[in-house]
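Take a look at the structure set out below.
The values are calculated or read from the model by the stated rules, or taken from the named source; none is laboratory data. None of the values given here were measured: they were computed from a predicted structure. Neighbour counts are summed over all protein chains in view; Cβ atoms, including those assigned to glycine, are modelled from backbone coordinates with ideal geometry. SASA here: full protein model, heavy atoms, side chains in, ligands and nucleic acids out. Shrake-Rupley method; radii C 1.70, N 1.55, O 1.52, S 1.80 Å.
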Amino acid sequence: MNKGVYIALLSIGLAQGLKIPIHYVKKGELRPDLFFQTGGMPSSHSAGVSSLTTFIALKRGVPTVDFALSLVYGLIVMYDAQGIRRQTGELTLKVNSLGELVDKIHKDETVKFEEEGPKKLKEMLGHQPAEVLGGAILGVLTGTIGYLLTKKK
């Protein structure tokens, strides 16, 4: 594998790892499971594509097809992370809230209701714009450091 792939994967891992202490500082709860989940601060999608794009820009130059492909692909990934995926997550929040409301209504009925409801949908799918920006900044830093550490003298 080439160095750009290693750096992008490292950046994704760093972003996933940073979600745990950031969540702890914000919410006061330790959640190691966040390492394996989507959503949250910083966006690992943004970190991965930004680090790869930065590495390519520094190694091959901005006026190359490699950089152009990486940049356009990266912008699409970041747009999707905070666009469609975020809206899906918000819709999931509403569906889960509706399910909880239906449960409350059924508890107040005199007729016994024993239907097993579906599992709660995963609510953290997409990213807020700040999470995408945080991932992009982490990616640029990782890509730059990765380039500097692997640069031949």
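Which residue out of GLY139, GLY135, GLY61 is surrounded by 15 or more Cβ atoms within 10 Å (Cβ to Cβ), modelled with pLDDT of 90 or more and closer than 23 Å to LYS3 by Cα? Talk me through it step by step, then tell me what you get.
Working: GLY135 fails: modelled with pLDDT of 90 or more; GLY61 fails: surrounded by 15 or more Cβ atoms within 10 Å (Cβ to Cβ).
Testing whether each residue is surrounded by 15 or more Cβ atoms within 10 Å (Cβ to Cβ), modelled with pLDDT of 90 or more and closer than 23 Å to LYS3 by Cα leaves just GLY139.
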Does region 36-49 include one or more residues that are more than 17 Å from VAL132 (Cβ to Cβ) and either free of Cβ contacts under 8 Å to residues at least 60 places away in the same chain or not β-branched (Val, Ile, Thr) (or both)?
yes
LEU71, sole failed condition from (1) closer than 13 Å to VAL140 by Cβ; (2) open to solvent by 30 Å² or more (accessible area, probe 1.4 Å); (3) touching a Gly at 6+ places or on another chain (Cβ under 7 Å)
(3)
Of the residues in region 29-49, those that are of a type in the set (Gly, Ala, Ser) and open to solvent by 10 Å² or more (accessible area, probe 1.4 Å) come to GLY40, SER44
With respect to SER44, is the statement that it is within 22 Å of LEU141 (Cβ to Cβ), at pLDDT below 90 and under 15 Å from the mean Cα position of the chain (by Cα) true?
yes
Among the residues of region 14-28, is there at least one that is surrounded by fewer than 24 Cβ atoms within 10 Å (Cβ to Cβ), within 13 Å of VAL132 (Cβ to Cβ) and not small (Gly, Ala, Ser)?
no
